[in-house]
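Coordinate-derived values only; no laboratory data. Just so it is clear, the structure is predicted and the values come from calculations on it, not from any experiment. Here the Cβ is made from the backbone with ideal geometry for all residues, glycine too, and neighbour counts use every protein chain on show.
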Amino acid sequence: MSLILIFGCSKNESNNSENKSTEQKTEVSSGNREQVNQTNATGESIEVRLPTMQCGTCKKNIETAVKKLDGINSVNVVVKDKVAKVNFDKNKTDLTKIEGAIVMAGYQANEKPGDKKAYDNLEACCKVGGGH
């Protein structure tokens, strides 16, 4: 029924595209708010220190590795701060699994060293002192 409502609102206000855009964003925001409330019931947010990450390629590699885990709601790697901000469902995963995914991608996660074989396969720009 919400889909019909969105479509109906957009169709009725087609003369004013600014209002249409605002209403659609509001509807989407409401849907996101419900999702956030649901994930907060079992969600947990953490920061993982990434002392060996170097660049945007590292960011992509780490985010991709963490997103593969079941229960990850969001992950954002901040290159300049060398941290990953992760929100996850604590009933499906935990800090140890998140650190493990990062380690297996070749990067240090908190105090856990990156997997040597994975590190050796990283691009030169992703290696400490390699290309920056």
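Laid out as a table, the results:
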read-out	value
Selection from 55, 83, 45 lying farthest towards where the dipole of segment 44-126 points positive, charges on Cβ	55
Phi to ³J(HN,Hα) by Karplus 6.51 cos²θ - 1.76 cosθ + 1.60 over segment 57-73, Hz, x for Gly, Pro	5, 4, 3, 4, 4, 5, 4, 4, 5, 5, 4, 6, 6, 5, x, 7, 8
Across 90/116; 90/127; 59/127, pairs whose alpha-carbon gap is larger than 22 Å	90/116; 90/127
